[in-house]
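*Asks:* Attaching a single structure in structure tokens format; questions to follow.
The values are calculated or read from the model by the stated rules, or taken from the named source; none is laboratory data. The model shown is predicted, which means the values in this text are computed figures rather than measured ones. With ideal geometry, Cβ positions are generated from the backbone for all residues, glycine too; neighbour counts draw on all protein chains shown.
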Amino acid sequence: MILHVNGHEQDASPLPGQCLRTMLRELGWFGVKKGCDAGDCGACTVHLDGEPVHSCLLPAFRSEGRSVTTIEGLGGPCRPGEGGAQPLHPMQAAFLGAQGYQCGFCTPGMIMTASALDQGQIGDLATALKGNLCRCTGYGAIADAVAGVARVERPEDARDDPCGRSIPALAGPRIVSGSAAFTFDLAVPDLLHLKVLRSPHAHARILRIDRADALAVPGVVAVFTHDDVPAGRFSTGRHENPLDDAPDTRVLDSILRFVGQRVAAVVATSEAAAEAGCAALTVDYEIRDAVFDPDEALRAGSPLVHDGADQPGDDAPPRLSHPNLAAEVHGEVGDVAAGFAEADLIHEAAYDSQRVQHAHLETHGAVGWRDEDGRLVIRSSTQTPFLTRDALANLFGLERDAVRVLCGRVGGGFGGKQEMLTEDLVALAVLATDRPVKWEMTRQEQFTATTTRHPMRVRVKIGARQDGTLTAIALHVVSNTGAYGNHAGGVIHHGCNEVIGVYRCPNKRVDGYAVYTHTLPSGAFRGYGLSQTIFAVESAMDELARGLGLDPFEMRRRNVVRPGDPMVSNSLEPHDVEYGSYGLDQCLDLVASAMDELMPAETPSADWLVGEGMAMAMIDTIPPRGHFSEARIALQADGRYHLDVGTAEFGNGTTTVLAQIAASALSTSPDRIALRHGDTDGVGHDTGAYGSTGIVVAGQATLKAALSLAQALREAAAERGGGAPSECRPHQDGVSTSSGEIGFAEILSGGAIERAGKADGSPRSVAFNVQGFRVAVHRSSGEVRILDSVHAADAGRVLNPMQCRGQIEGGVAQAIGAALYEAIRVDDRGRVITQTFRNYHIPAFADVPRTHVLFADTYDGIGPLGAKSMSESPFNPVAPALANAIRDATGARLTSTPFAPDRIYLAVMEAVGQCDGPV
Amino acid sequence: MDLNSIGAVTMPRNRSDLSGWRDGDAWLAGGTWLFSEPQPRLRRLVDLSSLGWKPHEASERGLSLAATCTIAELFRLDLPASWSAAPLFAQCCRALLGSFKIWNMATVGGNICLALPAAPMIALATALEGTCLVWTPDGAEREVAITDLVLASQCTSLAPGEILRRIDLPLAALKRRTAFRQVSLSPNGRSGALLIGTLDPSGAFALTITASTRRPLRQVFPTLPDAAVLADSITEAVPATLYHDDVHGTPDWRRHMTFTLAEEIRREFENESRA
């Protein structure tokens, strides 16, 4: 059939059930994204005869004879592969100017929708954009884009020192034009597609898999079962030290430990054939008893998730006091019992944090092939290309240099991609078939079979004297790590650390347990355990302040650590965390005064109760025990620099700041820095983009390399008659010397000049976040409306204010989702029932308030150029700040997230009735 | 999403082309639900858009909506000034979880036949005493009240091969005043309760309860009841087991909101009549 795409006629032969999105991508229009594949997220939005539609819902055959415009053709006619039409459509330019994106995966659909709005719709974006989801930005930058408000500074405006300036993302023009190539945005000849049959049972042993019918399906090339995989066990969780996570996972296992675990994989010449192959597999299961609740799992006689009898051999997971215990942490400083005896007031309660999904709009997936040298190449949506490379080499018995892992542009991560969830199977299939193989997870798989935040029950007990001084803190934490132990130990340790390390208190005790159950695995998630424990501790601090008649800010000021105080959580072991800078006092003051100064919004009606709340968070700027990065930078004759860094970018803006840092050290502009990153061929090693290390570790390596290169340029100029190196000054076009200008070509006449830098992630500093909310709560329905949101952050010297603000806006928005709406529901048979965005509500435009972002004025002595991390931590104080505001408004102390109307209305009504509250 | 099990699509031009229904067939209207979930049991789609049904027709008898009328077409309807119920149309369109982009594709009939409790077209048709014209596979047709078509969540009285052709809204219903209330767990979320009150010029009051219950309910009162009578009536009509339970609201909250919103509607009319 014939249709017109972006002004040109194209011939297409869609399958009967194919959607327009797939057909357009097959025609080469990779700007049309597959986000939810169900009409909920809008990433696939195109114009059909001028009307915006979700192309994942439109049967492709209905486009016959019609005119389709994709993001690439919004500015004018263009053809596939041309990089999008120029000049840009005004809405594309507006998104560029406001940097209305972070990872950029939702951006084509967002722009296609925004460009089709009339004035009335633009006046009500909450309604007009309800079919477009963005997980990164929190929508503030999108609102600015649609309103034509610029957020970026031009690079040429920032030549003196690009650091501290709002330099736009280097990939921006590609993102708004639809030409940024995400993981799957490439055509691979001879490609095979992989699909996975998943377990219907929470706990079972596979007795038999009959693959004959599957192999008979036309197009099916191979079927893989547990008989075909390496014997070795690994953890999907990726850490610098692989021993951090129990090796309890096989590529395909004969024991199934959660509903959704891989049973078998089918590769075929099309996704349809691979799907049909999975459906044709016959599997006999021996169904076993399962346990879903962590407390039950720790009882004697409970079904074992990892039964030693199932896995004889040396590499069985280490055993703790109960076989279902994945990790534990215990420690006490001082004398907690004596501390509580001294207290005038004690608050004790249990706080529950639920399972939430990262919901990055690009699902997990990888494309693998062999390169011309026969190396295994995996292009993956990952935060940890190097650690994944190492794991693949180890698993398949290959030399490290026989494996290359690289990223395309990564469509969001939030910790979810600090896992090896697809690469192992793709590698297996490539090695077995010798053909390129792609596996792109569906959104349903993303919800049912990847990872989530660890659900936690935190029992907190805190005592204080009449004047507010804390006397003792005790935490009892139980996390549900699900069927596998990826990040079980890391999360329980981190979750029990900074949360109480920030408080000066002589007596502290922690007991933490990470427990295996027959549910989908938990994993790394923004905040890495802290969001759950901070919900408990900051709620408890609020109750104590109320009970003692103290202002909640004052309660914190009296108890927080200050430079010079030891930072102690549950042990007196020496550590490498220092006060590189300290801005918590400023953050508390900034939020307190901003909340005072904000004009109280009008109360919607007498049925709504208004209240204020705050909470704070501390985070170590780098994960413990080493986080490594390498950078290499080389001068080009034209005055540009090639910078190779290992770290991955998944929308966090790291690459922009790396270019700023390099440009600053070399006195040039960031657009002269050509950056390559996220590729194991680029440098020797990089731990990866997790733990908010993009600036503080990769940036440190970049700074060292760039400073070293600047010194080399000075020396080279001096050798060419410029006097002493210290008198030579590199700049945009060459090197100034006492005897005149020396051009870069001459500097390079003696050969290439390249320098490297390394960072090892130690010592570490601390960053701080304080969140304040004013909310209105409906006294009967339980609806919560956020009237005001203020967030102060101590990020050290802010190297890119626009991006840092974007990280905070996005982190607050994601946390609002987790605090008010989101919950992965698991039924009584262990099945995840929230499998789509319409049943798992992540914040849309209407759900997120504008957050006033304020920065403390500090300069870190440890981080590069004074900077600290600021990616995960804005998430952490949000839930307790909301809980405390709801408590203030209604009298109800909520101890379980999310605070959805149906879960809180009874508590609210009861509290309002009891206190006959303010009307 | 791609429906890879679909082997064929038929394009009927008239009613006789609709015969030959077989297992694995699905009527394709807007496709906004069909293409939003895996449909492994389906083999063939019958595309209703090729039938060219006129989307809507107003007459002295009322308003007829073709099953294939899109939400966007419904939203843009220009209704006679004497039809007091007109605001309800836009209110129900906006109550759809899907955005205005979905409105361009989704259909009134599709929304009804999917039979989700939150379906705003079911609420509209119930409040306006809609009658559904159903074509049966033997070439005949039958009329059924909307409250007899939608039986439970994702369950209708349509037999295999039957097709919803049209929804007729009688003139009398369109001339009633209306009051609309909706609540959901998030500001633009799927309805947890959607209630509509209608007040006839004769003084008769009717309350439509949807979204909170597993099927739509309409209760009629000769005059506007007082609060106690209304509450008692709901208690009697809606047993606890009829409240819907899914991730968009617990049954107890839906029940609570049903009573709350019903009373708000009652008071709205009461205040209007006092004014």
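*Asks:* Quick one: which residue in B:ALA179, B:ALA173 is within 18 Å of the chain's Cα centre (by Cα), more than 14 Å from chain A (Cβ to nearest Cβ), closer than 17 Å to B:SER82 by Cα and outside any strand (DSSP E or B)?
*Replies:* B:ALA173
*Asks:* Looking at B:ARG165 and the list (1) within 14 Å of another protein chain (Cβ to nearest Cβ); (2) surrounded by fewer than 23 Cβ atoms within 10 Å (Cβ to Cβ); (3) not aliphatic (A, V, I, L, M), which single condition is not satisfied?
*Replies:* Failing condition for B:ARG165: (1).
*Asks:* Which one is farthest from A:THR422 (Cα to Cα) among residues in segment A:344-359 that are touching a Pro at 6+ places or on another chain (Cβ under 8 Å) and not in a strand (DSSP E or B)?
*Replies:* Per the stated criteria, the residue is A:GLN354.
*Asks:* What is the number of the single condition among (1) more than 13 Å from every other protein chain (Cβ to nearest Cβ); (2) not in a strand (DSSP E or B) that B:LEU133 does not meet?
*Replies:* Among (1) more than 13 Å from every other protein chain (Cβ to nearest Cβ); (2) not in a strand (DSSP E or B), B:LEU133 violates only (2).
*Asks:* Within segment B:16-53, can you find the residues that are aromatic (Phe, Trp, Tyr) and in a strand (DSSP E or B)?
*Replies:* B:TRP27
*Asks:* Just to be sure I understand, how many residues within segment A:360-374 are buried (at least 24 other Cβ atoms within 10 Å of the Cβ) and part of a loop (DSSP other than H, G, I, E, B)?
*Replies:* Qualifying residue count for the region: 5.
*Asks:* Continuing with this model, one more query. Name the single residue, out of those in segment B:235-258 being buried (at least 19 other Cβ atoms within 10 Å of the Cβ) and part of a helix (DSSP H, G or I), that is nearest to the other protein chains (Cβ to nearest Cβ).
*Replies:* B:TRP253
*Asks:* Then there's this: From (1) more than 14 Å from chain B (Cβ to nearest Cβ); (2) touching a Phe, Trp or Tyr at 6+ places or on another chain (Cβ under 6 Å); (3) surrounded by 21 or more Cβ atoms within 10 Å (Cβ to Cβ); (4) not acidic (Asp, Glu), pick out the condition that doesn't hold for A:PHE845.
*Replies:* Only one criterion in (1) more than 14 Å from chain B (Cβ to nearest Cβ); (2) touching a Phe, Trp or Tyr at 6+ places or on another chain (Cβ under 6 Å); (3) surrounded by 21 or more Cβ atoms within 10 Å (Cβ to Cβ); (4) not acidic (Asp, Glu) is unmet by A:PHE845, namely (1).
*Asks:* Here is a follow-up. Those residues that are within 14 Å of chain B (Cβ to nearest Cβ) and either touching a His at 6+ places or on another chain (Cβ under 6 Å) or part of a helix (DSSP H, G or I) (or both), I need them from segment A:883-906; list them, please.
*Replies:* Those that are within 14 Å of chain B (Cβ to nearest Cβ) and either touching a His at 6+ places or on another chain (Cβ under 6 Å) or part of a helix (DSSP H, G or I) (or both): A:PRO901, A:ASP902, A:ARG903, A:ILE904, A:TYR905, A:LEU906.
*Asks:* Another question, if that's okay. From the list A:SER708, A:SER692, which residue is more than 14 Å from chain B (Cβ to nearest Cβ), of a type in the set (S, T, N, Q) and surrounded by fewer than 24 Cβ atoms within 10 Å (Cβ to Cβ)?
*Replies:* A:SER708
*Asks:* Identify, from the list A:GLY811, A:GLY796, A:GLY806, the residue that is away from chain B (no Cβ under 13 Å), on the phi > 0 side of the Ramachandran plot, small (Gly, Ala, Ser) and touching a helix residue (DSSP H, G or I) at 6+ places or on another chain (Cβ under 9 Å).
*Replies:* Criteria check complete, one pass: A:GLY796.
*Asks:* Also, I was wondering about something else. Kindly establish whether A:VAL217 is over 25 Å from the mean Cα position of the chain (by Cα) and within 26 Å of A:LEU395 (Cα to Cα).
*Replies:* no
*Asks:* Sticking with this one: Could you tell me which numbered condition A:GLY523 fails, if it satisfies all but one of (1) in contact with a Cys (Cβ under 8 Å, 6 or more places away or on another chain); (2) on the phi < 0 side of the Ramachandran plot?
*Replies:* So A:GLY523 meets the others, but not (1).
Conditions (1) more than 14 Å from chain A (Cβ to nearest Cβ); (2) free of Cβ contacts under 8 Å to residues at least 12 places away in the same chain; (3) in a strand (DSSP E or B), marked per residue:
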{"residue": "B:ALA193", "(1), (2), (3)": "no, no, yes"}
{"residue": "B:SER202", "(1), (2), (3)": "yes, yes, no"}
{"residue": "B:THR223", "(1), (2), (3)": "yes, no, no"}
{"residue": "B:ILE265", "(1), (2), (3)": "yes, no, no"}
{"residue": "B:ASN271", "(1), (2), (3)": "yes, yes, no"}
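*Asks:* Only one of A:GLY734, A:GLY761 is more than 24 Å from the chain's Cα centre (by Cα) and either in contact (Cβ under 8 Å) with a residue 24 or more places away in the chain or farther than 30 Å from A:THR519 by Cβ (or both); which?
*Replies:* Result: A:GLY734 is the single residue among A:GLY734, A:GLY761 that is more than 24 Å from the chain's Cα centre (by Cα) and either in contact (Cβ under 8 Å) with a residue 24 or more places away in the chain or farther than 30 Å from A:THR519 by Cβ (or both).
*Asks:* Kindly list, by first and then second residue, each pair from a residue in segment B:248-259 that is without any contact (Cβ under 8 Å) to a residue 40 or more places away in the chain to a residue that is of a type in the set (Gly, Ala, Ser) and in a helix (DSSP H, G or I), limited to pairs with Cβ atoms under 9 Å and residues at least 6 apart or on different chains.
*Replies:* These pairs meet every condition: B:PRO251/B:ALA240; B:ASP252/B:ALA240; B:PHE259/B:ALA231.
*Asks:* Kindly provide the set of residues from segment A:861-902 that are hydrophobic (A, V, I, L, M, F, W, C), closer than 30 Å to A:ILE661 by Cα and crowded, with 24+ Cβ neighbours inside 10 Å, ordered by number.
*Replies:* A:ALA867, A:MET870, A:PHE875
*Asks:* Can you tell me which residue among A:VAL770, A:VAL798, A:VAL790, A:VAL812 is part of a helix (DSSP H, G or I) and under 21 Å from A:ARG526 (Cα atoms)?
*Replies:* A:VAL812
*Asks:* Please list, ordered by residue number, the strands (runs of 3 or more DSSP E) wholly in segment A:629-745 having 3 or more residues that are closer than 27 Å to A:ARG805 by Cβ.
*Replies:* Here the list reads A:673-677.
*Asks:* Would you point out the residue of segment A:91-118, among those that are more than 20 Å from the chain's Cα centre (by Cα) and either at pLDDT below 95 or in a loop (DSSP other than H, G, I, E, B) (or both), that is farthest from the other protein chains (Cβ to nearest Cβ)?
*Replies:* Within segment A:91-118, the match that is farthest from the other protein chains (Cβ to nearest Cβ) is A:SER115.
*Asks:* Right, next: Being farther than 25 Å from A:GLN383 by Cα and outside any helix (DSSP H, G or I) narrows it down to one of A:LEU520, A:LEU550, A:LEU544, so name that one.
*Replies:* After applying the criteria, what remains is A:LEU550.
*Asks:* Another question, if that's okay. From (1) more than 21 Å from B:ALA8 (Cα to Cα); (2) in contact (Cβ under 8 Å) with a residue 40 or more places away in the chain; (3) within 11 Å of chain B (Cβ to nearest Cβ); (4) among the hydrophobic types (A, V, I, L, M, F, W, C), pick out the condition that doesn't hold for A:ALA43.
*Replies:* Only one criterion is unmet by A:ALA43, namely (3).
*Asks:* Counting residues that are of a type in the set (Val, Ile, Thr), which strands (runs of 3 or more DSSP E) fully inside segment A:5-54 reach at least 1?
*Replies:* A:45-48, A:51-54
*Asks:* Turning to a different aspect of this structure: Filter segment B:14-53 for residues that are within 12 Å of chain A (Cβ to nearest Cβ), over 19 Å from B:TRP103 (Cα atoms) and among the charged types (D, E, K, R); which is surrounded by the fewest Cβ atoms within 10 Å (Cβ to Cβ)?
*Replies:* Ranking the qualifying residues of segment B:14-53, first place goes to B:ARG41.
*Asks:* With respect to A:HIS493, determine if the residue is within 20 Å of the chain's Cα centre (by Cα) and surrounded by fewer than 24 Cβ atoms within 10 Å (Cβ to Cβ).
*Replies:* So A:HIS493 passes the test.
*Asks:* Would you mind finding the one in A:ALA231, A:ALA212, A:ALA264, A:ALA300 that is crowded, with 17+ Cβ neighbours inside 10 Å and on the phi < 0 side of the Ramachandran plot?
*Replies:* Being crowded, with 17+ Cβ neighbours inside 10 Å and on the phi < 0 side of the Ramachandran plot holds for just one of A:ALA231, A:ALA212, A:ALA264, A:ALA300, which is A:ALA264.
*Asks:* Also, quick follow-up: Mind counting the residues in segment A:378-422 that are in a helix (DSSP H, G or I) and on the phi > 0 side of the Ramachandran plot?
*Replies:* Final tally of qualifying residues: 0.
*Asks:* Based on what the data block shows, is A:ALA150 of a type in the set (A, V, I, L, M), in a helix (DSSP H, G or I) and either over 29 Å from A:VAL832 (Cα atoms) or in contact with a strand residue (DSSP E or B) (Cβ under 8 Å, 6 or more places away or on another chain) (or both)?
*Replies:* No, not satisfied.
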